[in-house]
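Accompanying notes for the structure given below.
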Amino acid sequence: MSLQSNLAPSTTQLRAYAPTADLNVASPPQQRQKVRPHTAASKRDLRTEPRPIRSLIVALALIFLTVFVVLPLVVVFASAFSRGVSAYFAALAEPEALSAIQLTLLIAAISVGLNLVFGVIAAWAISKFDFAGKTFLITLIDLPFSVSPVISGLVFVLLFGAQGFFGPWLQAHNIHILFAVPGMALATIFVTFPFVARALIPLMQEQGTQEEEAAISLGASGLQTFFRVTLPNIKWGLLYGVLLCNARAMGEFGAVSVVSGHIRNETNTMPLLVEILYNEYQFVASFAIASLLAMLALITLIVKTILERRLDEGQMVSDD
Amino acid sequence: MTIEVRNIVKKFGDFAALDNVSLKVGDGELLALLGPSGSGKTTLLRIIAGLDWPEAGEVTIDGEDALGRGASERHVGFVFQHYALFRHMTVFENVAFGLRVQPRAIRKDEKAIRARVKDLLDLVQLDWLSDRYPSQLSGGQRQRIALARALAIEPRILLLDEPFGALDAKVRKELRQWLRSLHQEIHVTSIFVTHDQEEALEVANRVVVMDKGRIEQIGTPGEVYDNPATAFVHGFIGESIVLPVDVSDGAVRLGGRPLNIAANGAAPGASKLFVRRHDMQIGPAGGGSLEGAVRRVRSFGPIQRAEVTLADSEGKTVIEIDAPRDRELQAGEIISLEPRRYRIFAAHD
């Protein structure tokens, strides 16, 4: 019995730190009763803030998100459907809208496709080899993130515009880059370049080169090693990068706006068309296109969550 | 298959990982590269495998130049310290990998591949795991799968980098014996790298002791243990008592007092006396070269390990000796010590 009474105070102390854990499983019932009331009485959980403060912080976060994220999203859909469902679909069926959707898909396909290849190559070079200027390359990859998109667009105007660096030569050979698809694709590629490389570099660095070395020592060629070992190991990270890259490519406004020239039915992407229609007071049409972009964002978010879960699992597998 | 390494030099920046290393490995040998970390043993193994290239030197496998060929053309089985199993493939596909990537002309058909993989999994006694993924295996199982994968390509030689380094002590012991018997069964020329002297002495036919990018000694486990060529080898393999002595006129002096041992041709000057813990003969006070007070005794198994404070050292020099338990030592007892077997090396070694 003396042992029990010795135990009791220390158990009570522990309670304060771990109120949910039942530490008394092995002790006799009468002692439990001694401890229980105390637990119930200790309203304060010392591990965290008091309840009112917690509620306040959560409420603030929720209100902020509602006002700045959820409400605008609701407004987009509400305005798009303000004249009914048929008006909504009629707006989307306009030739101008269809052309914008097509152009957006085309530019996204080109820039995501190329960035996928460039991104994998850059990430491969950075994570698997040591070379002079590696830090510089890593910094360079981040450049598009730190430059305003408008500047990114202007760069291409300066390069390919009529008074630009390559302008006269391009004109002489009748090649159209600015105010045409190539210029818009270039601007989009520039702006979205970091996504794939950024998603892959930490992943590939963490995985190291051992599996590749194993594959090569087993007689695999470079290509076999890439397609059978490297690619399967980075596939979720790659999809993650491609997804974010695609979302940005379809939604890019600034850089594309500078190089597009806003030629109706020709060089307007969806974000550009949204602005034009809005300025012309065609609210339903404008918000209908905007709703498509909003849906793209929602789908991106959902897929992103799934991919992040996959990536975490992949990381767990790599633990020894 | 024989391996010959001649005058290999490998530098990482200013650091010489391998400094003019030469080595011959005979057909069917099981050779251990033993050394502390940074001794260059893994670098040497990687150079033989073709995963690293030296600045100078030659490597031949079975008389053929190996440095002119990439790792994928050398037909060398390599087992990595951290297994490097393909994490997205099942155990079966891991083992089958080397067979599936063969050029179409010599690739086996699916049925033959399946049969070969099954044989290998039987060989490493893990056929029941063939549908699992590497993350679902224990460390010892992963290591055996890595070995089966390396053997799938019927390698000319087998190289193992710290094969048991990441395993716990018990599994390690089991796998050591298993590797030995496997080597007897398949008899492929093998080199394994280890920093664990016990592992090297127990498993290998011959041991190569390395330090700071150089080979210190090559010999059978018995030779490197009983006749260490250098002070480093004596200190690295087995537990040694090291005492600073002075050699002059064929006499060995410790702290100015002559010891009853012969210099055995050791060069005059400041030297180090190496004695194995169990090679100290214990006698009554006043009966030997060295004298000391027993400070503490621990007994386990067949031996007692005693800490002895040497006399004339102002209590500074404490050595540990191993003695059989037929003569119980007491703390505080004064005893004499006489080296039964010993080696003297120049102090700067």
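The values are calculated or read from the model by the stated rules, or taken from the named source; none is laboratory data. Here the structure is a predicted model, which is why all the values come from computation and not from measurement. Counting neighbours? That spans all protein chains shown, and the Cβs are built from the backbone with ideal geometry, glycine included.
Here's the yes/no breakdown for (1) surrounded by fewer than 21 Cβ atoms within 10 Å (Cβ to Cβ); (2) within 24 Å of A:Val181 (Cβ to Cβ):
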| site | (1), (2) |
| --- | --- |
| A:Phe227 | yes, no |
| A:Pro232 | yes, no |
| A:Gly237 | no, no |
| A:His262 | yes, yes |
| A:Asn268 | no, yes |
| A:Ala285 | no, yes |
| A:Leu293 | yes, yes |
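Of everything in segment A:200-237, what is over 14 Å from B:Phe97 (Cα atoms) and either in contact with a Lys or Arg (Cβ under 8 Å, 6 or more places away or on another chain) or among the basic types (Lys, Arg) (or both)? Give them in sequence order. Correct list: A:Met204, A:Thr209, A:Asn233, A:Lys235, A:Trp236. Put simply, of B:Val79, B:Val101, B:Val124 the only residue that is in contact with a Ser or Thr (Cβ under 9 Å, 6 or more places away or on another chain) and among the aliphatic types (A, V, I, L, M) is B:Val101. Considering only segment B:337-349, state which residues are closer than 16 Å to B:Gly283 by Cα and either crowded, with 18+ Cβ neighbours inside 10 Å or modelled with pLDDT of 90 or more (or both). Answer for segment B:337-349, where residues must be closer than 16 Å to B:Gly283 by Cα and either crowded, with 18+ Cβ neighbours inside 10 Å or modelled with pLDDT of 90 or more (or both): B:Leu337, B:Glu338, B:Pro339.
Got a number for residues in segment B:132-159 being of a type in the set (Asp, Glu) and either under 18 Å from B:Leu51 (Cα atoms) or in contact with an Asp or Glu (Cβ under 6 Å, 6 or more places away or on another chain) (or both)?
Of the residues in segment B:132-159, 0 are of a type in the set (Asp, Glu) and either under 18 Å from B:Leu51 (Cα atoms) or in contact with an Asp or Glu (Cβ under 6 Å, 6 or more places away or on another chain) (or both).
When the test is whether a residue is among the hydrophobic types (A, V, I, L, M, F, W, C), within 14 Å of chain A (Cβ to nearest Cβ) and crowded, with 18+ Cβ neighbours inside 10 Å, B:Phe97 passes it. Residues in segment A:75-134 that are closer than 30 Å to A:Leu238 by Cα and charged (D, E, K, R): 3 in all. B:Leu85 falls short on exactly one of the conditions (1) in contact (Cβ under 8 Å) with a residue 40 or more places away in the chain; (2) buried (at least 20 other Cβ atoms within 10 Å of the Cβ); (3) part of a helix (DSSP H, G or I), and that condition is (3). Restricting A:Ile138, A:Ile126 to those that are under 30 Å from A:Ile201 (Cβ atoms), crowded, with 16+ Cβ neighbours inside 10 Å and within 26 Å of the chain's Cα centre (by Cα) reduces the list to A:Ile126.
Please give the strands (runs of 3 or more DSSP E) falling wholly within segment B:305-348 in which 2 or more residues are in contact with a Phe, Trp or Tyr (Cβ under 9 Å, 6 or more places away or on another chain). It comes to B:343-346.
I want to confirm something. Restricting to segment B:277-311 and keeping residues that are surrounded by fewer than 13 Cβ atoms within 10 Å (Cβ to Cβ) and in contact (Cβ under 8 Å) with a residue 40 or more places away in the chain, which single residue is farthest from the chain's Cα centre (by Cα)? The selected residue is B:Gly286.
Just checking, does segment A:56-67 include any residue being modelled with pLDDT under 90, within 31 Å of the chain's Cα centre (by Cα) and farther than 24 Å from A:Asn265 by Cα? No, every residue in segment A:56-67 fails to be modelled with pLDDT under 90, within 31 Å of the chain's Cα centre (by Cα) and farther than 24 Å from A:Asn265 by Cα. Annotation note: Cβ proximity below 6 Å between a residue of segment A:72-88 that is touching a residue at least 60 places away in the same chain (Cβ under 8 Å) and a residue that is outside any helix (DSSP H, G or I) (sequence gap 6+ or interchain) occurs for A:Tyr88/A:Phe81. Of the strands (runs of 3 or more DSSP E) lying entirely inside segment B:149-224, those carrying at least 3 residues that are in contact (Cβ under 8 Å) with a residue 12 or more places away in the chain and within 14 Å of chain A (Cβ to nearest Cβ) are B:157-161. Those residues that are of a type in the set (Val, Ile, Thr), touching an Asp or Glu at 6+ places or on another chain (Cβ under 7 Å) and away from every other protein chain (no Cβ under 14 Å), I need them from segment B:19-42; list them, please. Within segment B:19-42, no residue meets the criteria.
In the list B:Arg132, B:Arg114, B:Arg69, B:Arg107, which residue meets the criterion of being among the basic types (Lys, Arg), within 11 Å of chain A (Cβ to nearest Cβ) and either over 19 Å from A:Val229 (Cβ atoms) or assigned to a loop (DSSP other than H, G, I, E, B) (or both)? After applying the criteria, what remains is B:Arg107. Among the residues of segment B:82-93, those that are at the interface with another protein chain (Cβ under 9 Å from one of its Cβ atoms) and not basic (Lys, Arg) comprise B:His82, B:Tyr83, B:Ala84, B:Leu85, B:Phe86, B:His88, B:Met89. Listed by position, the helices (runs of 4 or more DSSP H) contained in segment A:176-246 that have at least 2 residues being without any contact (Cβ under 8 Å) to a residue 24 or more places away in the chain and either within 14 Å of another protein chain (Cβ to nearest Cβ) or closer than 30 Å to B:Ala96 by Cβ (or both) are A:210-217, A:222-225.
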